[in-house]
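Scroll down for the structure; my scribbles are underneath it.
Read-outs throughout are calculated quantities, based only on the coordinates presented, and are distinct from any laboratory measurement. This one's a predicted model, so the numbers in the text were calculated from it and none came from an experiment.
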Amino acid sequence: MIFWELFSGFFKIGLFTIGGGYAMLALIQEELVRRSWMTPQEFVDVVGIAEMTPGPVAINSATFVGFRVAGIPGALLTSLAVVLPSLLCGIAVTRAWDKYKEARPVQMMFAGLRPVVAGLIAAAALTIATATFRYVEGLSGMIWTALIAGGAFYAVAFRKLDPILVIAAGALLGLILFR
């Protein structure tokens, strides 16, 4: 019974969440608290751990919750359940795309979607940048933060450096500059 509850709960979360991992967190918390699998405070701790581990925060949260509730089988089941709706939709959209990508209405639709995607990415970048600078202390911290952000942008956008190397360099600079 617990495995069905885990699968159906996390499948529903994956199916009805639009907007990415952080949008899923509210649904995950509601599901956990409603079923008494975790307290709200425990869920906050789960999110903190999920943010520190590689991969999307929603999948990491689902994996951690599944493990806490039903061990390794629960972790595997919740991870599959939360990504399965996206996988199935992705397959369906890809099949339709291959068949209709040259159709004029599809081309017109994507002409409208491309600037929306660019705007959404710009909005996310602004949100992240604002949050980044909110927690910096002092003028020198602001300057270093701006230089690191600008350097990361330049390195990836113009020098085409591997983003993983840029992330590692940022972590190293953080250890050196923000003691």
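Going by a ≥ b ≥ c, the root eigenvalues of the Cα gyration tensor, does region 1-77 fall in the rounded group (a/c under 1.5), the prolate group (a/b larger than b/c) or the oblate group?
Note, shape of region 1-77 comes out rounded.
Could you run the Karplus curve 6.51 cos²θ - 1.76 cosθ + 1.60 with θ = phi - 60° over region 34-48 and give me ³J(HN,Hα) per residue in whole Hz, x for Gly and Pro?
Karplus values, whole Hz, x for Gly and Pro: 4, 8, 6, 7, 8, 7, x, 5, 4, 5, 4, 5, 4, 4, x.
Tabulate in residue order the Karplus-calculated ³J(HN,Hα) for region 158-165, using 6.51 cos²θ - 1.76 cosθ + 1.60 with θ = phi - 60°, rounded to whole Hz; enter x for Gly and Pro.
Computed from phi, the couplings for region 158-165 are 10, 8, 6, 6, 5, x, 5, 5 Hz.
Is region 104-150 best put as rounded, prolate or oblate by its Cα gyration tensor, with a ≥ b ≥ c the root eigenvalues, rounded for a/c under 1.5, and otherwise prolate when a/b is larger than b/c, oblate when not?
prolate
For region 165-179 and region 76-112, write down the distance between their C-alpha centroids in whole Å.
37
With a cut-off of 8 Å between alpha carbons and a minimum separation of six or more residues, what is the relative contact order of the chain in percent?
Relative contact order here is 17 percent.
Compute the distance from the alpha-carbon center of region 1-48 to that of region 120-154, in whole Å.
31
Is the shape of region 1-154 best called rounded, prolate or oblate, per the rule: a/c under 1.5 gives rounded, else a/b larger than b/c gives prolate, else oblate, with a ≥ b ≥ c the square roots of the Cα gyration tensor eigenvalues?
It is oblate, given that a/c is not under 1.5 and a/b is not larger than b/c.
Using θ = phi - 60° and the Karplus form 6.51 cos²θ - 1.76 cosθ + 1.60, what ³J(HN,Hα) does each residue of region 124-137 get, whole Hz, x for Gly and Pro?
Taking θ as phi minus 60°, the curve returns 5, 4, 5, 4, 5, 4, 4, 5, 4, 6, 4, 9, 7, 9 Hz for region 124-137.
With springs only between Cα atoms under 10 Å apart, run a GNM on the chain and tell me which of 110, 16, 133 wobbles the most.
133
Expressed as a rounded percentage, what relative contact order does region 1-62 have, with Cα pairs under 8 Å and six or more residues apart?
29
Fully extended, how many nm does the chain gain between residue 123 and residue 177 (0.36 nm per residue separation, minus their Cα-Cα distance)?
Extending this stretch completely gives an extra 16.6 nm.
List every residue whose amide H lies under 5 Å from the amide H of residue 161, counting only residues 5 or more places away in sequence or on a different chain, with H placed 1.01 Å from N in the peptide plane.
The list, which skips near neighbours in sequence, is 156.
Please identify, among 83, 65, 117, the residue showing maximal mean-square fluctuation in a Gaussian network model of the chain using a 10 angstrom Cα cutoff.
117
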